[in-house]
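Participant: So that we are looking at the same thing, I have put the structure below in structure tokens.
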Amino acid sequence: MWTDLGGSGPVLAAFHGAEGGLREWTPLAARLRGRYRVLAADLPWRASGGHAWRAGARPADVVADALDALPERPHAVVAHSFGANAVLEHLADGGARDVEGVVLLAPFFNDPARTVDDRLREDFVAVFRHAVVDGLLVALAGRGRLLDGPLLDAMADATLKRVGDAGIDVLYRQFVATTGLDLGGVEVPALVLVGEGDPALSAERADVLAAAMPSARVERRPYFTHCCHVRQADDVAERLVGFLRSVEQRKVPLA
């Protein structure tokens, strides 16, 4: 389940998003080498993994089992997109209390003021499609800029068709359920990073998450994309290191 992406120092446990994969953490791990050792989980919501797993396990349970399977206690947890949502659910369950900090990248979080109806589902599908397009640009690397809009749109539509209505429904239900998470009692320090142009966490919903989880610092960065851990790995690494350093410094007793 866990793959060692190298590095030395305290362990960071990394959880990828829906339709993602453990290798997406390679750019960030390379920039953290010498400070942290990154272990990446291979999760059932990986690309082409299907969504049958949801019938037998909550995402929080998957996270809990994965952390239990780690060969050593992690110093911190870092998670992206749907993986970040799974970690949020795990934190609401009272999990991950023994880690020093949590870094959540581009989680999906719902506003309880929104009515749960067909319009909300349509909006969610549009948000998920945005994430899919960014994931395709990552997968295509430099070739993505050579694609015209219609071709990239067709590739995104093909991905959504492969995920299917059942798969999208799993992700949508998880998104809606975020309004019911009890995050007020979470004591683990958390940093939430998302791009200002990323609809996964709009300005309004970022405020809702910050209010629901006082232990979290929510930052919307002007140029971060949805897959910021890949496309803006330098900046994510810098902010992650700074955050964990600040957590460690707060724990140092005064002389």
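The values are calculated or read from the model by the stated rules, or taken from the named source; none is laboratory data. Since the structure is predicted, the reported quantities are computational estimates derived from the model, not experimental observations. Neighbour counts are summed over all protein chains in view; Cβ atoms, including those assigned to glycine, are modelled from backbone coordinates with ideal geometry. We work out accessible area using only protein heavy atoms, side chains counted, and drop any ligands, DNA or RNA first. Shrake-Rupley method; radii C 1.70, N 1.55, O 1.52, S 1.80 Å.
Participant: Out of H75, H80, report the one residue that is touching a residue at least 60 places away in the same chain (Cβ under 8 Å) and either surrounded by fewer than 24 Cβ atoms within 10 Å (Cβ to Cβ) or farther than 27 Å from A206 by Cα (or both). Quick ask: steps written out before the conclusion?
Facilitator: Details: H80 fails: either surrounded by fewer than 24 Cβ atoms within 10 Å (Cβ to Cβ) or farther than 27 Å from A206 by Cα (or both).
Of H75, H80, the one residue that is touching a residue at least 60 places away in the same chain (Cβ under 8 Å) and either surrounded by fewer than 24 Cβ atoms within 10 Å (Cβ to Cβ) or farther than 27 Å from A206 by Cα (or both) is H75.
Participant: Could you say whether any residue in the stretch 161-177 is modelled with pLDDT under 90, open to solvent by less than 50 Å² (accessible area, probe 1.4 Å) and more than 28 Å from A206 (Cβ to Cβ)?
Facilitator: yes
Participant: Take the residues in the stretch 186-202 that are at pLDDT below 95 and small (G, A, S), then tell me which one is least open to solvent (accessible area, probe 1.4 Å).
Facilitator: A200
Participant: Determine, yes or no, whether F82 is farther than 20 Å from T3 by Cα and among the aromatic types (F, W, Y). Give the steps one after another, and end with the answer.
Facilitator: Working: farther than 20 Å from T3 by Cα: no; among the aromatic types (F, W, Y): yes.
So F82 fails the test.
Participant: Additional query: For V63, indicate whether it is of a type in the set (A, V, I, L, M, F, W, C), in a helix (DSSP H, G or I), touching a residue at least 40 places away in the same chain (Cβ under 8 Å) and open to solvent by less than 20 Å² (accessible area, probe 1.4 Å). Full working, then the answer.
Facilitator: Numbers: of a type in the set (A, V, I, L, M, F, W, C): yes; in a helix (DSSP H, G or I): yes; touching a residue at least 40 places away in the same chain (Cβ under 8 Å): yes; open to solvent by less than 20 Å² (accessible area, probe 1.4 Å): yes.
Here the answer is yes, as V63 does meet what is asked.
Participant: Just to be sure, is R205 in contact (Cβ under 8 Å) with a residue 12 or more places away in the chain, of a type outside the set (S, T, Y), part of a strand (DSSP E or B) and open to solvent by less than 80 Å² (accessible area, probe 1.4 Å)?
Facilitator: Working: in contact (Cβ under 8 Å) with a residue 12 or more places away in the chain: yes; of a type outside the set (S, T, Y): yes; part of a strand (DSSP E or B): no; open to solvent by less than 80 Å² (accessible area, probe 1.4 Å): yes.
The answer is no for R205.
Participant: So for the stretch 104-127 (the condition being open to solvent by less than 10 Å² (accessible area, probe 1.4 Å), assigned to a strand (DSSP E or B) and at pLDDT 95 or above), does at least one residue qualify?
Facilitator: yes
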